[in-house]
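Participant: What follows is a structure written as structure tokens; I'll ask about it next.
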Amino acid sequence: MNLRIGNGYDIHRLGEGRPLILGGIAIDHELGLVGHSDADVLTHAIMDAMLGALSLGDIGHYFPPTDDRWKGADSIELLGQVDRLVRDRGWEIVNIDSVIVAERPKLKPHINAMRDRLGGALGLDPGCVGVKATTNEKLGAEGREEGISAQAVVLLSKTDSQN
Ligand code: MG
């Protein structure tokens, strides 16, 4: 089998005094996501999808929140590490699709910048990086603006079909 698919999900709480970073892009908002790293939920969901495609566990295993090395970590940097792990095993990304669930702020103006940033970090054409955003119609934690979540799927292809 030369194709593998992976699924990723993440949610972080919104809080004051934190930057809001999604897909590696800093977005102007009065609240930011709280976490040990920069709490970039979109990038975290994509990393988990990449790891999941190869049954390699999750980002908590590679970058545990108990380890001070990852305190305030730039998730785009961590994404590069996960990408190397995937490539070292002889796999490459075919495409990514993802969705961010956030009541506010409006994310549409930032979507293409996220696709460019993620594509740049992964050596992928932004045309292979789908990023969508939706509100939760004021329902649930995202709808009450208690947090922002993201989901991602990633398709991987074997780089060497002989393997
Ligand atoms: Mg996370």
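Participant: Scan region 11-34 for residues that are within 14 Å of the chain's Cα centre (by Cα) and farther than 21 Å from residue 120 by Cβ and report the count.
Facilitator: 3
Participant: Quick check: is even one residue across region 35-50 small (Gly, Ala, Ser), within 13 Å of the ligand (Cβ to nearest atom), outside any helix (DSSP H, G or I) and more than 22 Å from residue 109 (Cβ to Cβ)?
Facilitator: yes
Participant: With respect to residue 11, determine if the residue is within 25 Å of residue 157 (Cβ to Cβ) and in a strand (DSSP E or B).
Facilitator: no
Participant: Tally up the residues in region 1-57 that are in contact with a His (Cβ under 6 Å, 6 or more places away or on another chain) and within 14 Å of residue 131 (Cα to Cα), please.
Facilitator: The total comes to 2.
Participant: Further question: Yes or no: region 82-91 includes at least one residue that is away from the ligand (no atom under 13 Å from the Cβ), assigned to a loop (DSSP other than H, G, I, E, B) and farther than 19 Å from residue 151 by Cβ.
Facilitator: So far as region 82-91 goes, yes, one or more of its residues are away from the ligand (no atom under 13 Å from the Cβ), assigned to a loop (DSSP other than H, G, I, E, B) and farther than 19 Å from residue 151 by Cβ.
Participant: Same structure again: Anything in region 135-163 that is open to solvent by 30 Å² or more (accessible area, probe 1.4 Å), touching a helix residue (DSSP H, G or I) at 6+ places or on another chain (Cβ under 9 Å) and under 21 Å from residue 21 (Cα atoms)? List them, or say none.
Facilitator: 135, 136, 146, 151, 153 - these are the residues of region 135-163 that are open to solvent by 30 Å² or more (accessible area, probe 1.4 Å), touching a helix residue (DSSP H, G or I) at 6+ places or on another chain (Cβ under 9 Å) and under 21 Å from residue 21 (Cα atoms).
Participant: For region 1-17, give me the residue count where each residue is away from the ligand (no atom under 13 Å from the Cβ) and open to solvent by 30 Å² or more (accessible area, probe 1.4 Å).
Facilitator: Final tally of qualifying residues: 8.
The values are calculated or read from the model by the stated rules, or taken from the named source; none is laboratory data. Note that the coordinates shown come from a computational prediction; the quantities given were computed from them, not determined experimentally. Counting neighbours? That spans all protein chains shown, and the Cβs are built from the backbone with ideal geometry, glycine included. Side chains included, ligands, DNA and RNA excluded: accessible areas come from the protein's heavy atoms. Shrake-Rupley method; radii C 1.70, N 1.55, O 1.52, S 1.80 Å.
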